[in-house]
Amino acid sequence: MYSEERKKIVLDYIQKYGKASVQELTEVLQVSEATVRRDLKDLEDAKLLKRTHGGALSLQNVNFEPTIGEKKVTHLKEKHAIAKKAVELIDEGETILLDAGTTTFELAKELKSFAKLTVVTNAINISHELLSHPGIEVLVVGGMLRKETLAMVGPVAEQSLGMIRVDKLFLAINGLDLEAGLTTPNLIEAATKRKMIKIAKQVFLLADHSKVGKVSQAKVADIVEVNQVILDNAVAEDTLNQLKTMGITVHLVHP
């Protein structure tokens, strides 16, 4: 089989399934791993896919970011259940940081029962949601507004965050992959999330099963930088066990 024929098969396969491992492609093509890796490098150089450790991703998976309106109506039951569990992990009087995201927005709606709480957020919809809660003091991070996520991001946001320390960060993410780590489609927003992780005593990741195994363009952090993760019960048992092996506390919810 000629090189161009192989590469077309590789592209078709990855576009169909979203991603592929080197091992999968060696079986499909009946060639060596070295040949597959060489083809993947050529295809990445041509900007036709994104290589990962052990395989490759469709560029649609890497760069695609749904609108906040689209994200609000997907996996709602899972997001509600994750938010309710997150509330149980917050203590009265703490200072918490809510990252911009649809699951963290659901968490914000569950904070009405607190008599004393300080909430730092870079999300304008979350700050608006908390305005009517008398027991909650809201600190809004400034910065450049990303309309896609309603998040304040960029150097001004990072500078603002640098002056704060929080007890707990509740982090939202687009992709959670055991090898690639935590990723998001936007480089600027990824940098702001990294700063959030640095100022928190504990990091709690909120993610429904649709985020697991996904990889986006911009890396936020390695998974081991998270202390606890809240997932729904559609996540594979093998993934849960690997997270626990990394020393991460896993909370599993049943929507």
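Points worth noting:
- Pairs, first in contact (Cβ under 8 Å) with a residue 24 or more places away in the chain in region 108-136, second among the charged types (D, E, K, R) and part of a strand (DSSP E or B), C-beta under 6 Å, six or more apart: 118/137
- Residue within region 153-168 that is surrounded by 21 or more Cβ atoms within 10 Å (Cβ to Cβ), out of contact with any Lys or Arg (no Cβ under 9 Å at 6 or more places or on another chain), under 26 Å from residue 81 (Cα atoms) and not charged (D, E, K, R) present: no
- Any hit, region 21-32, residues being at pLDDT below 85, touching a Gly at 6+ places or on another chain (Cβ under 7 Å) and not in a helix (DSSP H, G or I): no
- Among the residues of region 234-249, those that are surrounded by fewer than 16 Cβ atoms within 10 Å (Cβ to Cβ) and free of Cβ contacts under 8 Å to residues at least 24 places away in the same chain comprise 237, 238, 241, 244, 245, 246, 247, 249.
- Extreme residue, nearest to the chain's Cα centre (by Cα), among residues of region 45-62 that are surrounded by fewer than 16 Cβ atoms within 10 Å (Cβ to Cβ) and of a type outside the set (Gly, Ala, Ser): 60
- Yes/no for residue 132 being closer than 19 Å to residue 89 by Cα, among the small types (Gly, Ala, Ser) and at pLDDT below 95: no
- Checked against the criterion of being at pLDDT below 95 and over 27 Å from residue 19 (Cβ atoms), the candidates 201, 147 yield just one match: 147.
- Residues (part of a helix (DSSP H, G or I) and among the aromatic types (Phe, Trp, Tyr)) located in region 98-115: 105
The values are calculated or read from the model by the stated rules, or taken from the named source; none is laboratory data. Just so you know, these numbers come straight off a predicted model, no measurement behind them. Counting neighbours? That spans all protein chains shown, and the Cβs are built from the backbone with ideal geometry, glycine included.
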